[in-house]
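Report on the structure given below.
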Amino acid sequence: NDMFLELAVDEENRTAFVRQVPQHGETDIPILLRRQPLTFLQSAGLLILRAALASSSAAGQRAVVGGAELIADLAAYEDPSKSDKARFAKQCAAVVEALKRVSILRPIPGSEDRYEVSPTLALLLPAEQLSALTSTYGRLRDERLGPGLQR
């Protein structure tokens, strides 16, 4: 903590990463790590992947998803008032690429569209936050869809 960083270690999954120490009170803590805001769809993608990771971990398995499967799950967040399906498909594909770039999705060798969900995601998005964010995103999704259109 001398550098205002904290090492998060998950020995069971053999993963570790560094995160910023949380701000406490009036102390001015310098930001040493790059922050990248997420789009609505990227956040929804993380929630979908975190749920898959929790389910797989409970079964004692690795979490593996397909890119097309993730894109299909993201379709639940499409705004029906927007008629540009091609644009939404590009946005969903960009979510997969962004999650690959930050190593949340790791390509499985020999497979074109299958990815392992990094176990680090469980440390980045703990179960407590997962349930709160899932209910918030569910409500937002339902508001976008409107009455009678909920999936």
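Listed values, structure above:
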item: Förster radius 30 Å - calculated FRET efficiency between Ser111 and Thr136, Cβ distance, rounded to 0.05; result: 0.35
item: Fully extended contour minus Cα-Cα distance, from Gln36 to Glu11, at 0.36 nm per residue; result: 6.3 nm
item: Solvent-accessible heavy-atom area per residue, rounded to whole Å², over segment 68-117 at 1.4 Å; result: 61 Å²
item: Asp79 versus Ala58: modelled label distance in nm, points set 7 Å from Cα along the beta carbon direction; result: 3.3 nm
item: Using θ = phi - 60° and Karplus 6.51 cos²θ - 1.76 cosθ + 1.60, couplings along segment 129-140 (whole Hz; Gly, Pro as x); result: 5, 4, 5, 5, 5, 4, 5, 5, 5, x, 5, 4
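The values are calculated or read from the model by the stated rules, or taken from the named source; none is laboratory data. This structure is a prediction, so every number in the text was calculated from the model and none was measured. Virtual Cβ from ideal backbone geometry, glycine too; neighbours counted across all protein chains shown. Accessible surface is based on the protein model in full, side chains and every heavy atom, while ligands, DNA and RNA are left aside. Shrake-Rupley method; radii C 1.70, N 1.55, O 1.52, S 1.80 Å.
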